[in-house]
Amino acid sequence: MTFAELKEKKDLTIVAMESSCDETACAVLRNGEILSSVISSQIAIHKEYGGVVPEIASRNHVINIEPVVQEALDKAGIRAADADCFAVTYGAGLLGALLVGVSYMKGLSFALEKPLIKVNHIRGHIAANYLADPSLTPPYIGLIVSGGHTAVVRVDDYTSFTYLGGTMDDAVGEAFDKVARVLSLPYPGGPEIERAAKGGKRTVYIPAPKTASPYDFSFSGIKTSVINYVHTAAQRGEEVVKADVACSFQSAVAEMLVKAAVTAAKQFGLKDIALAGGVGANGEIRRQLTEACEKRGLKAHFPTKETCTDNAAMIAMEAYLQVKYGDGSALAEDTLDAKASIPLV
Ligand code: KG4
Ligand code: ZN
């Protein structure tokens, strides 16, 4: 099927794969509606090491990929041959992990003679918003908060974006994971910090780093100030109240993110802000964004918590948008390779 035929196809069925980090995921989407979404998480395996071990992740994708695809097809009640096209995350992410998904989907697409759509993982995170709220329409501001990326973008239409700013050093998810380690909390740190912060008070001063642009962030200094606080307290023999440190860190980070997104909405005269990425599962960030938007007559949008962290339904949705609104550049060429790093949007 040509790209033009795909575009016109009624009841477009897409089978998508995601394997950029430690989740092996497959989803089936028909006309933008999820028929099935299966995620096999390796968190329990990597927890032992305090973070994702790339080679172990790749090996587990090799083991999991076949049963995960089969389960997604079974749950959707289709065979692979019923798909109109396939989709796969080709970057950014762990190279070995991406290669497993890319090779598998290239094989499937070649064997069944169906087109393959290549998907940018971060665009997938943004697309998760349309799964939760199909009425969301560009232009709007996207606030990307994941384990590898942190950025503010203007979503100009379904397939074009303008980068406004982002982190100068660590991604926000990395900061959550590192601060969790300082507090002796297990991997992944984000949900652990959120749990630890419940009942905590904002007693620890976390300075907001100065950046040249209102859309830029710096999280490594924040991580260092938490480390210094914990070490100084230990030297003085003072008790470190984990709940207070977690609450102070989480609230301060949420404030910085929300401020940047709201400033962007104001500057560009846009009414909608959509959160995207694993850290977007965080309740305090959602609460602060909702409150800030309500105060200013803006509207906050969120993916469901399940589609904030890595999944294939968002990859299928992004592929669907590329087919419906794109120019064909998302069609994977025969030479498609996995890429550890690609432009954010
Ligand atoms: O988007 P994601 O699933 O993977 C990447 O594309 O990087 O994001 C993973 C990150 C991890 O750093 C994890 O700690 C963080 O998302 N995370 C959270 C929460 N759930 C996951 N951070 C804060 N609060 C959460 N509830
Ligand atoms: Zn992700």
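Between their Cα atoms, which of Lys198/Lys339; Lys75/Lys106; Lys178/Lys198; Lys118/Lys259; Lys242/Lys266 are more than 27 Å away from each other?
Check vs 27 Å cut-off fails for Lys198/Lys339; Lys118/Lys259; Lys242/Lys266.
Using a 10 angstrom Cβ neighbour count of at most 12 plus a DSSP loop assignment to flag exposed chymotrypsin sites (Phe, Trp or Tyr not before Pro), which longest range of the chain is free of such sites?
50-204
Just to confirm my numbers, what's the Cα centroid distance between the stretch 73-108 and the stretch 260-298 in Å?
Cα centroid to Cα centroid, the span is 32 Å.
Rounding to the nearest 20 debye, state how big the charge dipole of the chain is about its Cα centre with +1 on each Lys and Arg Cβ and -1 on each Asp and Glu Cβ.
Details: 34 positive and 40 negative charges, 214 e Å.
That gives a dipole near 1020 debye.
Over the chain, with every protein chain in place, what whole percent of the accessible area is carbon and sulfur at 1.4 Å, could you tell me? The partial results should precede the final answer.
On the way: 7790 of 14710 Å².
Ligands and nucleic acids excluded, carbon and sulfur give 53 percent.
Projecting each Cα onto the charge dipole of the chain (Lys/Arg +1, Asp/Glu -1 at the beta carbon, about the Cα centre), which of Ser225, Gln322, Val182 comes out farthest on the positive side?
Farthest along the dipole direction, towards plus: Ser225.
Give the residue from Phe3, Val38, Ser213 lying farthest towards the positive end of the charge dipole for the chain; charges sit on Cβ (+1 for Lys and Arg, -1 for Asp and Glu) and the dipole is referred to the Cα centre.
Comparing the listed Cα positions along the dipole, Ser213 ranks first.
Looking at the stretch 279-345, which trypsin sites (Lys or Arg not before Pro) are DSSP coil and have at most 14 other C-beta atoms within 10 Å of their C-beta?
Within the stretch 279-345, no trypsin sites (Lys or Arg not before Pro) qualify (loop, at most 14 other Cβ atoms within 10 Å).
Under a 1.4 angstrom probe, counting protein chains only, how are Ile227, Ile14 ranked by accessible area, largest first?
On the way: Ile227 45, Ile14 0 Å².
Output order, biggest surface exposure first: Ile227, Ile14.
Viscosity 1.567 mPa s, temperature 4 °C: what is the translational diffusion coefficient of the stretch 193-345 from Stokes-Einstein with a Kirkwood Rh over Cα pairs, rounded to a whole number of µm²/s?
Working: Rh = 18.3 Å.
In µm²/s, the coefficient rounds to 71.
Out of the stretch 238-283, which trypsin sites (Lys or Arg not before Pro) are coil in DSSP terms and have no more than 15 other C-beta atoms within 10 Å?
Loop-located and lightly packed - Lys271.
What is the local net charge at Pro343, summed over the other residues whose Cβ is closer than 14 Å to its Cβ (Lys, Arg +1; Asp, Glu -1)?
Combined, the nearby Lys, Arg, Asp and Glu give +3.
When the gyration tensor of the chain is built from Cα positions, what are the square roots of 5 times its three eigenvalues, in whole Å, from largest to smallest? Before the final figure, lay out the partial values.
Working: eigenvalues 254, 110, 50 Å².
Equivalent ellipsoid of the chain: 36, 23, 16 Å, largest first.
Under 25 °C and 0.890 mPa s, how fast does the stretch 299-345 diffuse according to Stokes-Einstein, given a Kirkwood radius computed over C-alpha pairs? Answer in µm²/s, whole number.
188 µm²/s
Of the beta bridges DSSP finds with both residues in the chain, what % are antiparallel, to the nearest 5? Spell out each step's value before the answer.
Numbers: 27 of 44 bridges.
Roughly 60 percent of the DSSP beta bridges within the chain come out antiparallel.
How about the stretch 123-205: which trypsin sites (Lys or Arg not before Pro) there are in a DSSP loop, with at most 12 other Cβ atoms within 10 Å of their Cβ?
Of the trypsin sites (Lys or Arg not before Pro), the ones in loops of the stretch 123-205 whose Cβ has at most 12 other Cβ atoms within 10 Å are Lys198, Lys201.
The values are calculated or read from the model by the stated rules, or taken from the named source; none is laboratory data. Just so we're clear, the structure is a prediction, and the values are computed from it rather than from any experiment. Positions of Cβ are generated from backbone atoms using ideal geometry, with glycine treated the same way; all protein chains shown enter the neighbour counts. These accessible areas exclude ligands, DNA and RNA; they are computed on the full protein's heavy atoms, side chains included. Shrake-Rupley method; radii C 1.70, N 1.55, O 1.52, S 1.80 Å.
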